[in-house]
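A.B. asks: The structure under discussion is supplied below as structure tokens; questions concerning it will follow.
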Amino acid sequence: MCPSQADHTVTVGLRERKRLQTRDALCHAALDLFGSRGYSATTLDDIAAAVDVSKRTVLRHFTGKEDVLLAVFREMGALTARELRHRPPHEPPMTALCEATRHALREVARDCPEYRSTPICLAVLRLAATTPGLLTSLHHVLPGRQDTLARILADREHLEDPADPRPQLLVSVHAGALTVAVRAWRASGARDLDTLLATVDVCFASLGSAIAGPWSSPGPG
């Protein structure tokens, strides 16, 4: 590699790191403001001012304040899909999907610095669970994520019929269990990842008895 090429590579690397640092700073500032002022009362100008950048800079990274939060969900969806593709082939579909989800939650929490002692992904989950507008936006993001996971499951199980409903059914049931787990975690007042994962495990373990019944005996957990 000639010196000019090396210099260009270093410059691009530094530029990308700076871009990611700015994006992370905006994400942290937004969550801090959402927590202190409320989601509805926070504007893009507020977020820009907190990081000492222009509103135009914010819009280079995010399409709006909703996008700050949805970006975390998209990242978690991408991590879940990647992990699902690499789960052991002998694992049953639901086991593989649940383990991939646990992995994604841990990865996002590990990669995101702390927000008031709560990893960003958990702060986002709490906000989404308590903000009706965010739940609506999230429902627009979820179908694409679920379609991706369903296709991966179909490939894992070597399904030849594209109309086979089982992958979509499983992904939808899994998403519902995850939603119930997040709501229960939020209602408990917990803020840590281990409690969330334990709650997720209980909900996932309850799926079989919830579907098959009877409900006369206590469920798992």
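A.B. asks: Under the condition of being acidic (Asp, Glu) and within 22 Å of His174 (Cβ to Cβ), which residue from region 51-97 is surrounded by the fewest Cβ atoms within 10 Å (Cβ to Cβ)?
C.D. replies: Among those residues, the one meeting the criterion is Glu91.
A.B. asks: Among the residues of region 81-99, is any under 20 Å from Thr179 (Cβ atoms), among the β-branched types (Val, Ile, Thr), at pLDDT 90 or above and in the same structural domain as Val173 (by TED's automatic domain parsing)?
C.D. replies: yes
A.B. asks: Which of the residues spanning region 167-200 are under 20 Å from Leu84 (Cβ atoms) and either without any contact (Cβ under 8 Å) to a residue 24 or more places away in the chain or of a type in the set (Ser, Thr, Tyr) (or both)?
C.D. replies: Scanning region 167-200 gives Gln168, Leu169, Ser172, Gly176, Thr179, Ala181.
A.B. asks: Please enumerate the residues belonging to region 148-170 that are loosely packed, with under 13 Cβ neighbours inside 10 Å and assigned to a helix (DSSP H, G or I).
C.D. replies: Result: Asp155, Leu169.
A.B. asks: In this structure, does Ala109 turn out to be in contact with a strand residue (DSSP E or B) (Cβ under 6 Å, 6 or more places away or on another chain), in a helix (DSSP H, G or I), modelled with pLDDT under 85 and crowded, with 19+ Cβ neighbours inside 10 Å?
C.D. replies: On the way: in contact with a strand residue (DSSP E or B) (Cβ under 6 Å, 6 or more places away or on another chain): yes; in a helix (DSSP H, G or I): yes; modelled with pLDDT under 85: yes; crowded, with 19+ Cβ neighbours inside 10 Å: yes.
The answer is yes for Ala109.
A.B. asks: Still on this model: Can you tell me which residue within region 41-81, out of those that are touching a residue at least 12 places away in the same chain (Cβ under 8 Å) and outside any helix (DSSP H, G or I), is farthest from Thr131 (Cα to Cα)?
C.D. replies: The selected residue is Val53.
A.B. asks: Do we find a residue being under 30 Å from Ala41 (Cα atoms), touching a strand residue (DSSP E or B) at 6+ places or on another chain (Cβ under 9 Å) and at pLDDT below 85 anywhere in region 193-203?
C.D. replies: Yes, because at least one residue in region 193-203 is under 30 Å from Ala41 (Cα atoms), touching a strand residue (DSSP E or B) at 6+ places or on another chain (Cβ under 9 Å) and at pLDDT below 85.
A.B. asks: Please go through (1) surrounded by fewer than 13 Cβ atoms within 10 Å (Cβ to Cβ); (2) within 23 Å of Leu127 (Cβ to Cβ) for Ala184 and return the number of the only condition it doesn't satisfy.
C.D. replies: Of (1) surrounded by fewer than 13 Cβ atoms within 10 Å (Cβ to Cβ); (2) within 23 Å of Leu127 (Cβ to Cβ), only one is false for Ala184: (1).
The values are calculated or read from the model by the stated rules, or taken from the named source; none is laboratory data. Only a predicted model underlies this, so the values are computations on that prediction, with no experimental measurement involved. Cβ: placed from backbone, ideal geometry, glycine included. Neighbour counts: every protein chain shown.
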